[in-house]
Amino acid sequence: MRRRRRTVNADTLAAAVAAVPRQHYTDHPVHGSPPQTTAQAAIERDILRAAGEGDLTGMRILEIGTGTGYTGALLAELAGPGGTVVSVDIDARLVGRARRLHAERNRPVRVVCGDGHDGVPDAAPFDVIIGWCAPTIVPGAWIKQIRPGGIISTPVSIAPVARAVGHLRATVTEEATLTGLRLGGAAYVDMGHEVNTTLGTPLFYVDARAGESYLSVAWRGRDDPDAALALLNAPAHLEDHPLGEEGPQRAAAWRDACAYLAARDHALDTSSLTTWGSGAPSWDNGVGFSCGRHAAVLTDSGQLRADRKDSPALAELRDALTEWEGAGRPGPEQLAVMASPGGGGWQVRVTLP
């Protein structure tokens, strides 16, 4: 008997959302709430990205990052009775909680405790792998565990600095390579080999720390990142660079700028790309250019921080932002994306189109 096809679009996704009570997973009267949840709009956007207007009915799906359990329940609803959803998370507390919540609703989601980088080999092959946390590369284990023609859809690092993340959708070929690369915006926690207990300092690509602040540089090993961090922690020059209205619009604009600066740095081979950030209480993030003697970043609050008013790094950053503005503020979707093997998986990078 042939299965009934259900193309995943706004309507079928809305039906799945209506069938799965989000509050059961995010604010349970007995099991409580997890430390963080993904915004509903981001969940729906990235499920649509993964499906690509295709059909998830009957698919074998591997979910990387169990979280609340809600996304696994949505995927099970879309996969239907003939489908399979396996979810893996490194946090044993989240795994146990999700198992209980799925059991209460009699949802056929298998939840495994383990390092998401390793996938779940005993349940392979999969038709779709969908990630909810950002690795530095697309792990090689995922490539091995997905059938030819299968889809990988995940946030991933797009530059050798922290906080430069995009959302990749790619098809795995018969030769175990990635093709049909599509990139979009993303904002997810880092995916580590241990439980991620911080929302402030990144897990990867951190080259200097001072209290709650950090610096991440593409030029690591060539200069003094501690000196550049000190300059950004106590900048001699500040100026506004408006990104847009408060909230999601401004955050999205900053992420677009981050991706553009990463692409420009890659295209020009300047290797001066820098990200700076500070945890509680300010929770600032910035992206720009630096060396050990000069530094300038654009923060996600729409401010330029620089070591001085006539800083060479500030001049470079202003030029790059002028280019970005003149091009219509392109984001990851408008940039060129490439993937190459290395580091035990596939490295993803952006460059100018």
statement: Of the residues in the stretch 154-173, those that are polar (S, T, N, Q), more than 14 Å from residue 332 (Cβ to Cβ) and part of a strand (DSSP E or B) number 1
query: Which residues, counting only those in the stretch 248-272, are more than 18 Å from residue 334 (Cα to Cα) and either assigned to a loop (DSSP other than H, G, I, E, B) or touching a helix residue (DSSP H, G or I) at 6+ places or on another chain (Cβ under 8 Å) (or both)?
result: 269, 270, 271, 272
message: Can you pull out every residue in the stretch 249-302 that is among the aliphatic types (A, V, I, L, M), surrounded by fewer than 24 Cβ atoms within 10 Å (Cβ to Cβ) and touching a Lys or Arg at 6+ places or on another chain (Cβ under 7 Å)?
response: 253
- request: Assess whether residue 322 counts as being of a type outside the set (Asp, Glu), part of a strand (DSSP E or B) and in the same structural domain as residue 224 (by TED's automatic domain parsing).
  value: no
Of the criteria (1) outside the structural domain of residue 129 (by TED's automatic domain parsing); (2) in contact with a helix residue (DSSP H, G or I) (Cβ under 8 Å, 6 or more places away or on another chain); (3) part of a loop (DSSP other than H, G, I, E, B), which one residue 215 fails: (3)
- request: Might you check whether a residue that is farther than 28 Å from residue 198 by Cβ, in contact with a helix residue (DSSP H, G or I) (Cβ under 7 Å, 6 or more places away or on another chain), buried (at least 18 other Cβ atoms within 10 Å of the Cβ) and not small (Gly, Ala, Ser) occurs anywhere in the stretch 82-97?
  value: yes
Failed condition for residue 35, given (1) farther than 19 Å from residue 120 by Cα; (2) under 24 Å from the mean Cα position of the chain (by Cα); (3) crowded, with 16+ Cβ neighbours inside 10 Å: (3)
query: Only one residue in 197, 171, 136, 154 is modelled with pLDDT of 95 or more and more than 21 Å from residue 254 (Cα to Cα). Which one?
result: 171
- prompt: Is there a residue being within 23 Å of the chain's Cα centre (by Cα) and assigned to a strand (DSSP E or B) anywhere in the stretch 218-234?
  reply: no
task: Please work out if residue 242 is out of contact with any strand residue (DSSP E or B) (no Cβ under 7 Å at 6 or more places or on another chain) and free of Cβ contacts under 8 Å to residues at least 60 places away in the same chain.
output: no
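The values are calculated or read from the model by the stated rules, or taken from the named source; none is laboratory data. Source: prediction; values computed, not measured. Note that we place each Cβ from the backbone using ideal geometry, even for glycine, and neighbour counts take in every protein chain shown.
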